[in-house]
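Here the structure is laid out as structure tokens; the discussion comes afterwards.
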Amino acid sequence: MKEASFIKSNIDKWRKTEEMVADPLYSTPDEMAEAYTELTADLAFAQTHYRKSRITVYLNDLASALHNTIYRNKKEKWTRIFTYWTHEVPLTMYDARKELLASFLVFLFFSFVGVLSQLNDPDFCRLILGDAYVDMTLENIENGAPMAVYNTTSETPMFLMITLNNVMVSFMAFVAGIFACVGTGYLLMQNGIMLGSFQAFFFTKGLFVESALAIWLHGTLEISAIIISGAAGFALGRGWLFPGTYKRGVAFRRGARRGLKIIVGTVPVFILAAFIEGFVTRHTEIPDAIRAGIIICSLLFVIFYFVVWPRILAKRAEKLENYRIKRLKDDSEHLRSMI
């Protein structure tokens, strides 16, 4: 068979395979397996009869791309644990960067609401934190131990309790996104107002620096993880609210997968935050410089891992993908010119 005839009789099938690689969600596993079988047969034929032709290079690239698409979710080696945290979670965060920004802005806005409300109404914190908690804190301030609230329970039980509570809050923020993102926004509002009013309360008592060093010692990781969990909830809600070119069910599943991966990525952050709160925050005698150093290191870690590193990885992946697509397009154009 002449090369031009071979191309003309199969090019429509290859174009469908290109579409399958570009958007695999619209194809079933059986369809992809069948396409891969036919494609490898065409590749074998081309390697036999047109060894030095561009059609062979094109089919080899297309077969490799389809193979990677099919086996993307196959059982991985133990090294997947490493790449999951170094690549998959950061790349998911890059895909959800708009949701992350929205979550941050919502939380920041309601934190300011909490601050302004407390500054204008000294009893506002009682509505948010409860009379018992506020009275206990006032008593601690009078006794010269304003941060004694972090020393009411022994280390290990406190660590376990805080870890469980934080993880539950993160999953609630994620699942609440199904209610048109309103549920996630409500949880961010609650936590933002609580933080703002609590911090402003200590400011009015002349204890801003001491309270900030204690609260943000663990709060830098904890609050960051809550904001990131909010991004997961927004990703879930956005999936079915704004499906774009996808079917609503497909978009919802995509959003759910992204959100769940983000939530899993926050679990170690919550655990570390709970460890600091349970074992370190209670020791207010630690020098301020050391506590400030821990806060700064925590903030730098969050910014790098959830913002900077995802962008670096995405740019690398974009360059590789653009090169692969360009090569497939060039080969495809060359094939069409031969028909």
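Looking at the structure I just gave you, is Gly185 modelled with pLDDT of 90 or more, in a helix (DSSP H, G or I), open to solvent by less than 30 Å² (accessible area, probe 1.4 Å) and more than 22 Å from Thr266 (Cα to Cα)? It is false that Gly185 is modelled with pLDDT of 90 or more, in a helix (DSSP H, G or I), open to solvent by less than 30 Å² (accessible area, probe 1.4 Å) and more than 22 Å from Thr266 (Cα to Cα). The single residue among Ala180, Ala145 that is part of a loop (DSSP other than H, G, I, E, B) and within 28 Å of the chain's Cα centre (by Cα) turns out to be Ala180.
Is it true that some residue in the range 75-90 is at pLDDT 95 or above, exposed (fewer than 15 other Cβ atoms within 10 Å of the Cβ) and out of contact with any helix residue (DSSP H, G or I) (no Cβ under 9 Å at 6 or more places or on another chain)? The answer is no, given that none of the residues of the range 75-90 is at pLDDT 95 or above, exposed (fewer than 15 other Cβ atoms within 10 Å of the Cβ) and out of contact with any helix residue (DSSP H, G or I) (no Cβ under 9 Å at 6 or more places or on another chain). Answer yes or no: is there a residue in the range 114-127 that is aromatic (Phe, Trp, Tyr), part of a helix (DSSP H, G or I) and farther than 19 Å from Ala200 by Cβ. Checked the range 114-127: no residue is aromatic (Phe, Trp, Tyr), part of a helix (DSSP H, G or I) and farther than 19 Å from Ala200 by Cβ.
Anything in the range 34-56 that is among the hydrophobic types (A, V, I, L, M, F, W, C), farther than 29 Å from Tyr84 by Cβ and surrounded by 15 or more Cβ atoms within 10 Å (Cβ to Cβ)? List them, or say none. Leu39, Leu43, Phe45, Ala46, Ile55, listed by residue number.
The values are calculated or read from the model by the stated rules, or taken from the named source; none is laboratory data. It should be emphasised that the depicted structure is a prediction, and the values quoted were computed from it without experimental measurement. Please note: Cβ atoms are built from the backbone with ideal geometry, for glycine as well, and neighbour counts cover all protein chains shown. Side chains are part of the model used for accessible areas, which takes the heavy atoms of the whole protein and leaves out ligands, DNA and RNA. Shrake-Rupley method; radii C 1.70, N 1.55, O 1.52, S 1.80 Å.
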